[in-house]
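> Quick one: the structure is below, and I'll ask about it shortly.
The values are calculated or read from the model by the stated rules, or taken from the named source; none is laboratory data. If you're wondering where the values come from, they're calculated on a predicted model, not measured in any experiment. Here Cβ is always computed from backbone atoms with ideal geometry, including for glycine, and neighbour counts include all displayed protein chains. Heads up: the accessible areas ignore ligands, DNA and RNA and are worked out on the full protein's heavy atoms, side chains in. Shrake-Rupley method; radii C 1.70, N 1.55, O 1.52, S 1.80 Å.
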Amino acid sequence: MTKATALRVEKPPLSSPSVEPRELAALRQLERKVMWLAAWTIHHANNVRPARDEVKVGGHQASCASSATLLSALYFHALRPQDRVAVKPHASPVFHAIQYLLGNQTRDKLAAFRAFGGAQSYPSRTKDTDDVDISTGSVGLGGAMTLFASLVQDYVRLHDLAPAERPDGRMIALFGDAELDEGNVFEALLEGWKHDVRNAWWIIDYNRQSLDSIVTDRLFARLDGVFTSMNWDVRTLKYGKLLRAAQDGPGGEALLNWIDTCPNQLYSAITFKGGNAWRQRLTRDLGDSAGIRELLDSHGDAALHALMTNLAGHDMETVLEAYDAAAESDRPTCFIAYTIKGFGLPLAGHKDNHSGLMTPDQMATFKAANGIADGDEWEPFAGLDMDADELRDFLGAVPFNQPATRCFETPKIPVPASLAVKTGAKAATQEAFGRILNELARGDSELAARIVTASPDVTVSTNLGPWVNRRRIFDRRERPDTFRAEDVASTQKWVMSPAGQHIELGIAENNLFLLLAALGLSGPLFGARLLPIGTLYDPFIARGLDALNYACYQDARFMLIGTPSGVTLAPEGGAHQSVTTPLIGMGQPGLTYFEPAYVDELAVIMRWGFNHMQADDGGSVYLRLSTRPIEQTGREMTAELADQVIAGAYWQIPPGPDADLALVYCGVVAPEVLAAFEALREDAPDAGLLAVPSADRLHADWLDAKRRRQAGEGDATSHAERLLAPLAPDAGLVTVLDGHPAALSWLAAVRGHRVAPLGVEAFGQSGDVADLYRHHRLDTDAILDAAAQVCVARATGR
Ligand SMILES: Cc1ncc(C[n+]2csc(CCOP(=O)(O)OP(=O)(O)O)c2C)c(N)n1
Ligand SMILES: [Mg+2]
């Protein structure tokens with residue numbers, strides 16, 4: 001076998017039994033319209049809509065043209081209402097055009113593409129109004145999320161939480177081929193394989209171009225193998241019907257062999273140049289091959305160009321056949337669809353076309369070719385060769401557009417009045433977290449039934465063990481705990497079951513966040529509200545940070561437990577110590593950060609968190625916890641104190657009137673701060689001790705009060721302002737946390753107090769807590785020094 005024929009894709013039949021001729025004709029018309037609308041939407045945003053600044057509007061006409069057939073065939077034919085789709089970000093105008101034709105998108109939103117309030121640059125669940133299932137933007141994430149969505153769909157059904165009669169949907173991603181450069185895609189593939197996911201389609205728009213260039217020739221030969229090794233069904237769609245028909249004619253075999261071995265760069269370059277360039281090149285390379293002259297002579301330049309660019313991803317019939325052929329199976333399927341970036345546009349094939357825009361002249365030519373008259377640019381059926389009523393009827397009958405709930409409203413799950421647990425006199429927040437979940441696991445509350453935990457291989461070391469022992473690990477099949485069956489003693493019972501409520505992941509934090517995104521959208525996507533809790537070591541939040549941001553961007557609701565954290569996990573060393581996570585927690589929209597010191601605070605925060613995850617204007621919650629046991633207060637958690645914990649801060653020891661000094665702390669450094677406080681009380685009897693379980697809530701409320709005052713609400717005040725009011729105007733604050741000091745130092749701006757911010761600013765190293773606190777200046781002596789410093793500064797007016 002020659003190299004060329006080895007690459008040849010098995011020849012599918014040329015007939016199309018599954019699609020009636022009129023349906024095919026309608027689909028071809030609509031595909032043309034989608035191409036036009038996408039190109040026009042982008043052109044309008046850049047050239048027609050008046051601009052107010054010099055910043056380019058942008059949009060991706062070439063990326064859109066590449067995927068118009070694949071998406072039209074999907075939405076107008078293959079998709080069912082229960083299916084969910086992640087569309088590659090740069091095909092957003094194609095998606096919006098399709099929804100427009102289906103009656104789910106307005107002309108105004110299209111005309112305002114990329115403008116404030118208009119259709120979004122990249123499909124957005126929260127900002128777009130035309131039924132985006134899965135947001136995209138950061139390449140690789142949306143596609144990978146489909147696998148976790150599929151897992152969640154199975155979870156919901158196996159727990160009998162799915163709405164009755166609702167069939168399983170297929171989780172579908174339209175990928176740009178360069179998205180498969182992102183490592184997270186392969187992490188997800190592997191995890192998906194482990195969990196035996198089903199009902200997933202990945203459609204790869206294989207235009208062999210990324211942003212900067214043409215992708216390497218050898219890559220996809222490898223990728224095919226990757227998918228096959230994960231037990232995916234791989235369907236390569238290479239040639240359209242014209243090329244397949246030509247194969248049997250004069251010179252056909254030689255022609256296809258030539259394409260098979262043609263480097264991606266060369267194919268793209270000649271595609272850009274067009275018919276005459278094909279003729280010259282083929283004459284040069286294949287002029288002596290039998291039948292080639294005849295083939296070339298029987299095709300004019302335009303016909304030759306159409307033939308040579310007739311790749312399957314632009315051949316409606318071939319795409320429909322491929323979708324239909326895969327429709328019966330629930331095996332994950334990857335379609336590698338050969339396409340041309342910029343197909344049908346003057347941008348086609350050019351290596352620089354990613355953000356290329358057609359010039360007004362090119363657009364005028366394209367418009368004429370589409371038969372669109374001036375003023376009819378947005379008309380759904382203008383310039384088409386089929387009766388508008390017939391097309392309207394066709395669109396009305398599209399399976400995807402039949403009445404069905406696509407965004408579910410789900411009732412809220414009641415949260416018990418208290419989640420308090422008993423601990424010893426000394427306790428760590430991580431251990432208490434495990435106890436709270438264990439208590440929930442023992443009971444039979446609705447809350448416990450809806451909690452799903454997940455962890456990337458740190459289940460036991462983040463104290464999820466007791467919960468897992470009781471609620472088991474989720475698996476589509478029952479699997480006994482072999483160690484138990486073999487009488488090997490272990491405190492961990494790892495029984496797997498379809499009823500399990502913990503999803504065990506391999507070590508890939510990206511996957512944790514994508515799973516949390518899918519679990520946290522289970523209500524709207526699958527009609528069953530779940531309350532996901534994900535645990536990981538705090539420093540490794542950074543490993544999955546983009547996926548965390550992505551989950552929050554989609555308004556997925558979950559509880560994230562970062563533990564252990566800071567330098568307090570001392571002997572574990574610098575590679576495991578987290579420094580910036582408090583700032584991540586404060587800065588991340590859609591995520592509220594708490595760092596409790598005491599177990600009673602944790603119980604209050606978790607309770608609030610479960611409600612916040614369900615509130616219409618709520619969000620996700622991040623708890624930064626610790627393994628360091630500290631002396632508990634033994635106090636009663638009053639309603640008033642609980643409110644203050646949630647507001648972000650409370651006076652653990654209130655200051656006297658006009659006090660000169662306050663120690664302010666967050667989290668596990670409480671013992672050092674308390675010791676310092678006792679030591680300085682003799683000299684500063686009026687000093688106060690402020691505990692800050694949520695610098696994030698406190699800060700957000702402070703900004704909010706400012707905004708409200710600006711908006712005319714003159715008496716609006718923030719919790720931080722009220723708390724700091726009793727201090728003398730020139731009092732000093734010493735702020736302390738096991739994390740970056742900027743998380744608390746802003747408190748000085750609330751009332752203009754002096755501040756000495758203590759925290760961690762450098763990488764750590766192994767040691768015990770005492771050594772590391774001394775090294776990073778978090779120990780009692782350092783706090784006393786800082787207190788002296790602010791007092792001296794006050795006395796000297798500096
Ligand atoms: C994580 C991330 N990195 C970089 C980008 C910028 N970017 C946008 S599209 C793109 C290339 C996309 O190529 P491909 O996926 O093949 O899409 P297509 O060729 O269909 O446009 C890049 C690098 C991004 N959106 N996300
Ligand atoms: Mg590409």
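> Over 26 Å between C-alpha atoms is what I'm after, so list which of K33/K241; K127/K194; K56/K706; K238/K367 land there. Intermediate results must be reported in sequence, preceding the final value.
Values: K33/K241 21 Å; K127/K194 34 Å; K56/K706 34 Å; K238/K367 29 Å.
Violating the 26 Å limit, Cα to Cα: K127/K194; K56/K706; K238/K367.
> On C-alpha positions alone, give me the angle between the axis of helix 599-612 and the longest principal axis of the chain, in degrees, nearest 10.
Its long axis makes an angle of about 30 degrees.
> Sticking with this one: If you project the alpha carbons of segment 606-726 onto the principal axes, what extent comes out on each, in Å, largest first?
47, 38, 22
> Along the charge dipole of segment 177-333, pointing to its positive end and built from +1/-1 on Cβ of Lys, Arg, Asp and Glu, which listed residue (N257, L223, Y206) has its Cα farthest out?
N257
> Here's another thing I want to ask about it. Please give the peptides 202-210, 342-350 ranked by average Cβ packing (other Cβ atoms within 10 Å per residue), highest first, as a rough proxy for protection.
Ranked from most to least packed, the peptides come out as 202-210, 342-350.
> Return the carbon/sulfur percentage of the accessible area of segment 79-158, one whole number, probe 1.4 Å, all protein chains in place.
Accessible surface attributable to carbon and sulfur in segment 79-158 totals 49 percent.
> A further question follows. In segment 269-352, which GluC sites (Glu not before Pro) fall in coil by DSSP and have 14 or fewer other Cβ atoms within 10 Å?
Filter output for segment 269-352: E328.
> Considering amide H positions built from the backbone, and no H for Pro or chain starts, which residues 5 or more places from I533, or on another chain, come under 5 Å of its amide H?
Distant-sequence amide H within range of I533: V452, T453, A454, M559.
> For A659, list long-range residues whose amide hydrogen, built 1.01 Å from N in the peptide plane, is under 5 Å from its own amide hydrogen.
Counting only residues 5 or more places away or on other chains, the set is A728.
> State the dimensionless ratio Rg/Rh of segment 411-450 (Rg: radius of gyration of Cα atoms; Rh: Kirkwood radius).
Numbers: Rg = 11.5 Å, Rh = 11.2 Å.
Reported Rg/Rh, Kirkwood definition of Rh: 1.03.
> Let me ask something else. Please report, in whole Å, how far the alpha carbons of segment 202-262 spread along each principal axis, starting with the longest.
39, 31, 17
> Tally up the carbon and sulfur contribution to the accessible surface of segment 535-589 as a whole percent, 1.4 Å probe, everything protein left in place.
With neighbouring chains kept in place, the figure for segment 535-589 is 58 percent.
> Next question, about the same structure. Given 25 °C and 0.890 mPa s, how large is the Stokes-Einstein diffusion coefficient of segment 749-798 in µm²/s, with Rh as the Kirkwood radius over Cα pairs?
The Stokes-Einstein estimate is 199 µm²/s.
> Also: Sort 371-381, 117-127 for me by packing, meaning the mean count of neighbouring Cβ atoms within 10 Å per residue, highest on top.
117-127, 371-381
> Where does the Debye-calculated log10 I(q)/I(0) of segment 472-522 sit at q = 0.13, 0.27 Å⁻¹, using only Cα point scatterers of equal weight, no solvent?
The Debye formula, applied to the Cα set alone, gives -0.40, -1.02.
> Please give the per residue accessible area of segment 22-122, computed with a probe of 1.4 Å over protein heavy atoms only, in Å².
Spelled out: the 1.4 Å probe surface of segment 22-122, per residue, equals 32 Å².
> With viscosity set to 1.002 mPa s at 20 °C, what whole-number translational diffusion coefficient in µm²/s follows for segment 441-589 from Stokes-Einstein and a Kirkwood radius over Cα pairs? Intermediate values should be presented prior to the final figure.
Values: Rh = 16.2 Å.
Answer from the Stokes-Einstein relation: 132 µm²/s.
> Right, something else. When all C-alpha to C-alpha distances in segment 18-89 are sorted into bins of 5 Å, what percent of pairs does each bin hold, rounded to whole numbers?
Result, from short to long distances: 3, 14, 20, 18, 17, 12, 8, 5, 2, 1, 0 percent.
> Whole Å is fine, so just give me how far the alpha carbon centre of segment 683-753 lies from that of segment 66-110.
After rounding, the separation between the Cα centres reads 48 Å.
> Further question: Note the angle between two axes, namely the Cα long axis of helix 275-286 and the longest principal axis of the Cα atoms of the chain, as a number of degrees from 0 to 90, rounded to the nearest 10.
It is inclined by approximately 80 degrees.
> Please list log₁₀ I(q)/I(0) at q = 0.19, 0.27, 0.33 Å⁻¹ for segment 387-435, using the Debye equation with identical point scatterers on the alpha-carbon positions.
-0.81, -1.03, -1.17
> To continue, here is another question. How large is the accessible surface per residue of segment 362-423, computed with a 1.4 Å probe and reported in Å² as a whole number? If you can, show how the numbers build up before the last one.
On the way: 3510 Å² over 62 residues.
I get 57 Å² per residue for this part.
> Going by alpha carbons, how many degrees (0 to 90, nearest 10) lie between the helix axis of 360-369 and the longest principal axis of the chain?
50
> Also, I was wondering about something else. Hey, if you put +1 on the Cβ of every Lys and Arg and -1 on every Asp and Glu Cβ in the chain, which of G59, T410, F148 ends up farthest toward the positive end of that dipole?
Going by the charge dipole, the pick is G59.
> Follow-up question, since we're still on this one. What translational D, rounded to a whole number of µm²/s, comes out for segment 335-489 from Stokes-Einstein when the hydrodynamic radius is the Kirkwood one over Cα pairs, at 25 °C and 0.890 mPa s?
It comes out at roughly 105 µm²/s.
> Which GluC sites (Glu not before Pro) in segment 447-548 sit in a loop by DSSP (not H, G, I, E or B) and have at most 10 other Cβ atoms within 10 Å of their own Cβ? List each step's numbers first, then the result.
Details: sites: E478, E486, E504, E509; in loops: E478, E486.
Sites meeting the loop and neighbour criteria: E486.
> Averaged per residue, what accessible area in Å² does segment 498-633 show with a 1.4 Å probe, protein chains only? Please report the intermediate quantities before stating the final value.
On the way: 3220 Å² over 136 residues.
Averaged over the residues of segment 498-633, the accessible area is 24 Å².
> Skipping prolines and chain starts, which residues have an amide H placed within reach, meaning under 5 Å, of the one on S497, given they are 5 or more residues away or on another chain?
Those qualifying (amide H under 5 Å, at least 5 residues apart or on another chain) are I473, F474, D475, R479.
> Report the Cα-based extents of segment 681-784 along its three principal axes, largest first, to the nearest Å.
53, 33, 19 Å, listed from the longest principal axis down.
> Given the convex hull of the Cα atoms of segment 246-367, what is a quarter of its surface area in nm²?
Its average projected convex-hull area is 9.6 nm².
> While we're on this one: Hey, how much of the P(r) for segment 112-252 falls beyond 25 Å, as a percent of Cα pairs?
Summing the P(r) of segment 112-252 above 25 Å gives 43 percent of all pairs.
> Then there is this: Could you calculate, for the chain, the ratio of the Cα radius of gyration to the Kirkwood radius, expressed as Rg to Rh?
Radius of gyration relative to Kirkwood radius: 1.05.
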